[in-house]
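Peer 1: Below you will find the structure I want to go over with you.
Where a number appears in this text, it was derived from the coordinates with a stated rule and is not lab data. Remember, predicted model here, so these are calculated numbers, not experimental data. Cβ placement follows ideal geometry from the backbone for every residue including glycine, while neighbour counts extend to all protein chains displayed.
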Amino acid sequence: LSDLFYESTLRGDAMQGIVEAVNAKLHAILPESMFMVGCFVEVSPQRDRLRVWNCGLPEAFLYLDGATRPQHIASSCYPRGLMVEPGDVSPDWIIVQESAHLYCHTDGIVEERDQHGAIFGIKRLETLMGEVKQGGLPLERVAEVLADFRGNKSASDDLTLVELTL
């Protein structure tokens, strides 16, 4: 997929076209039972707007300047490779400031369980991300809290968290 992405960006293809091309390639090469989830993010050249194609991931969090609570960006597209033509609509531009932070994460974080079977959950992650952002804490703090939460168990799924700072 990286070759497709690099070639498309070198040509200056629109992000909507890149998202569709990734889908088409994955649909052609993956077995029927496999697909890819992810977020595609387009930032305007002036860095004052962004668009997010959330393809099957949990809600992304967008913190705008001074906000203590994030704007949630729900999954609005099918996972890639699942359908020949998923019929995605290009998302609206979101106005942002230089200090905006976007966090995208896999479901392994919110579905992590403690030793009693309780899940970590989206609300707990939102609270933790607020503490990280407001307190100027490193993103690694999330991994520490998750490790404490699950105790001596190994992670049951991938735990991926990506931060984009404008």
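Peer 1: Share of Cα-Cα pairs in the stretch 64-107 beyond 13 Å, in percent? The partial results should precede the final answer.
Peer 2: Numbers: 644 of 946 pairs.
When all Cα pairs of the stretch 64-107 are counted, 68 percent exceed 13 Å.
Peer 1: Please report the antiparallel percentage of the DSSP beta bridges confined to the stretch 16-123, to the nearest 5. Provide the component values of the computation, followed by the final result.
Peer 2: Numbers: 16 of 17 bridges.
So the antiparallel bridges in the stretch 16-123 amount to around 95 percent.
Peer 1: Report the paramagnetic label zone for residue 164: residues of the stretch 89-129 whose backbone N is under 15 Å from a point 7 Å from Cα along the Cα-to-Cβ axis.
Peer 2: What the label zone holds, given the 15 Å backbone N cut-off, is 90-106.
Peer 1: Just the Kirkwood number for the chain, please: inverse of mean 1/r across all distinct Cα pairs, in Å, one decimal.
Peer 2: Working: mean 1/r = 0.0580 Å⁻¹.
Kirkwood hydrodynamic radius for the chain: 17.2 Å.
Peer 1: Follow-up question, since we're still on this one. Taking 0.36 nm per intervening residue step and subtracting the Cα-Cα distance, what contour gain separates residue 107 from residue 140 on full extension? Numbers along the way, then the final one.
Peer 2: Values: separation 33, 0.36 × 33 = 11.88 nm, distance 1.74 nm.
Result for the pair: 10.1 nm of gain on full extension.
Peer 1: On full extension of the chain, what length is gained from residue 44 through residue 131, given 0.36 nm per residue of separation minus the C-alpha to C-alpha distance?
Peer 2: Length gained between residue 44 and residue 131: 28.5 nm.
Peer 1: So, one more: Can you sort 94, 109, 18 from fewest to most other Cβ atoms within 10 Å of each residue's own Cβ?
Peer 2: Details: 94 16, 109 23, 18 19.
So the residues, fewest neighbours to most, are 94, 18, 109.
Peer 1: Would you give the gap between the C-alpha center of the stretch 90-115 and the C-alpha center of the stretch 1-77, rounded to a whole Å?
Peer 2: A separation of 12 Å, based on Cα centres.
Peer 1: Here's something else I'd like to know. Could you tell me the relative contact order of the stretch 15-98? Use alpha-carbon pairs under 8 Å, at least six residues apart, and round to a whole percent. Numbers along the way, then the final one.
Peer 2: Values: 146 pairs, mean separation 29.2, N = 84.
RCO, the stretch 15-98: 35 percent.
Peer 1: Further question: Please report the relative contact order for the stretch 62-121, taking Cα pairs under 8 Å with a sequence separation of at least 6, and give it as a percent rounded to a whole number. Before the final figure, lay out each step's value.
Peer 2: On the way: 46 pairs, mean separation 18.8, N = 60.
This gives 31 percent for the stretch 62-121.
Peer 1: Something else about it: Setting aside same-chain residues fewer than 8 positions from residue 123, which aspartates and glutamates have a Cα under 20 Å from its Cα?
Peer 2: Straight-line reach from residue 123, under 20 Å: 59, 107, 111, 112, 114, 131, 140, 144, 148, 157, 158, 163.
Peer 1: Take the alpha-carbon positions of the stretch 1-47, form their convex hull, and give its projected area averaged over all directions (one quarter of the hull surface) in nm². If you can, show how the numbers build up before the last one.
Peer 2: Values: hull surface 14.7 nm².
Mean projected area for the stretch 1-47: 3.7 nm², to one decimal.
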